[in-house]
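Peer 1: Got a structure for you, written out below as structure tokens; questions coming shortly.
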Amino acid sequence: MADNNASAGVLGSDAYSPAEIQDKVEKLGVKKARMPFLPEFMLSIVAGGSIGLGAMFYVIVAADSSLGFAISHVLGGVVFSLGLALVMIGGAELFTGNCLIVMAWWNGQIKTWEVMRNWTVVWFGNMVGAFGLVFLLYMSHFSALNDGGTGTALLKIAIAKMSPDMVTIFFKGIMCNLLVCLAVWLAYAGRSVADKMAGMVLPVACFVAAGFDHCVANMFFLPMAWVLAVTGHVPAGMDVSTITLINVAHNIIPATLGNIVGGAGFVGLIYWAIYRKGLGGLTPLPVKVRATPSIDAQAARPAE
């Protein structure tokens, strides 16, 4: 039994507790808020491109008209989780996930201007990364896949996202980042790559399947559709008059504000209130851990 417990510790099969996750998120929040500009901006570009790759993967599924509504939306959501996996495991700075740095702010560890600086730099960096992917995919003729089906799917997605009023988009943004930040929270619970992947997939698939608005994903979807519209890559008879730069902003601005409320308020604030330290919140119980030799020490031990 002792050997089994030791193996479980080495393999990392046990998850971090919610209180431990809260502590990790606070420490990461301080680190993120005080990161130098250049690496922060470059990592933000990586994140924008990563989420765009997940969105691209989703479009391939959406372009298959033979799939039913539920199958296409759920499967599309599962493959879209590639974007968050690249961010969380590969390492990058994503605006929606960084809404959780408010936990360190509420705990008095960082200043308001540091939060605003981080969000501003990361938001614009994400946009640059998403725009860069739009250029690469346009030049690679991605929209021609499936006899132009991927291009048609992109146009339909953009029209659906630009059509609602700003209040509706705002609340779709709230619901989106509530789920995205829960995905981030569950990923932080994992001790291995497999753990992190397993934790993040379902919340991401849920928000995508429900059609909620992620501002960074929309920085890819909407500009990509706009480029197709202005360059004439439109099926005969399709009305793309709603795909304009004004309507791109009409979506992304309220989606961004909703993402902040959903992530910072409905996830960050609530978990901080539950697990905050020294203010009546829950704290992790001390756990006695039996000391075990390190792997290197065991390997170096002479055979008996």
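Peer 1: For segment 74-108, what are the residues that are polar (S, T, N, Q) and closer than 17 Å to Leu53 by Cα?
Peer 2: Ser81, Thr96
Peer 1: Would you tally the residues in segment 176-201 being more than 23 Å from Phe212 (Cα to Cα) and basic (Lys, Arg)?
Peer 2: Final tally of qualifying residues: 1.
Peer 1: Any residue in segment 172-197 that is in a helix (DSSP H, G or I) sitting within a Cβ distance under 6 Å of a residue that is modelled with pLDDT of 95 or more and among the acidic types (Asp, Glu)? List the pairs, counting only those 6 or more apart or interchain.
Peer 2: From residues that are in a helix (DSSP H, G or I), the pairs are Lys172/Asp213; Gly173/Asp213; Cys176/Asp213.
Peer 1: Moving on. Residues Met116, Met162: which one is surrounded by 19 or more Cβ atoms within 10 Å (Cβ to Cβ) and either under 27 Å from Leu202 (Cα atoms) or not basic (Lys, Arg) (or both)?
Peer 2: Met162
Peer 1: How many of the residues making up segment 1-39 are aromatic (Phe, Trp, Tyr), modelled with pLDDT of 95 or more and within 18 Å of Val184 (Cα to Cα)?
Peer 2: Within segment 1-39, residues that are aromatic (Phe, Trp, Tyr), modelled with pLDDT of 95 or more and within 18 Å of Val184 (Cα to Cα) number 0.
Peer 1: When only residues in segment 13-65 that are more than 19 Å from the chain's Cα centre (by Cα) and among the polar types (S, T, N, Q) count, which is surrounded by the fewest Cβ atoms within 10 Å (Cβ to Cβ)?
Peer 2: That would be Ser65.
Peer 1: Condition first: modelled with pLDDT of 95 or more and either of a type in the set (Phe, Trp, Tyr) or touching a Gly at 6+ places or on another chain (Cβ under 6 Å) (or both). Can you find one or more residues in segment 238-253 that meet it?
Peer 2: no
Peer 1: Same structure, new question: Name the helices (runs of 4 or more DSSP H) wholly inside segment 24-116 in which the number of residues that are among the hydrophobic types (A, V, I, L, M, F, W, C) and free of Cβ contacts under 8 Å to residues at least 24 places away in the same chain is 3 or more.
Peer 2: Passing ranges, in order: 69-80.
Peer 1: Restrict the check to segment 179-194 and report whether at least one residue is farther than 21 Å from Gly76 by Cβ and basic (Lys, Arg).
Peer 2: yes
The values are calculated or read from the model by the stated rules, or taken from the named source; none is laboratory data. What you are looking at is a predicted structure, and each value in this text was computed from that prediction instead of being measured. We place every Cβ from the backbone using ideal geometry, glycine too, and count neighbours over all the protein chains shown.
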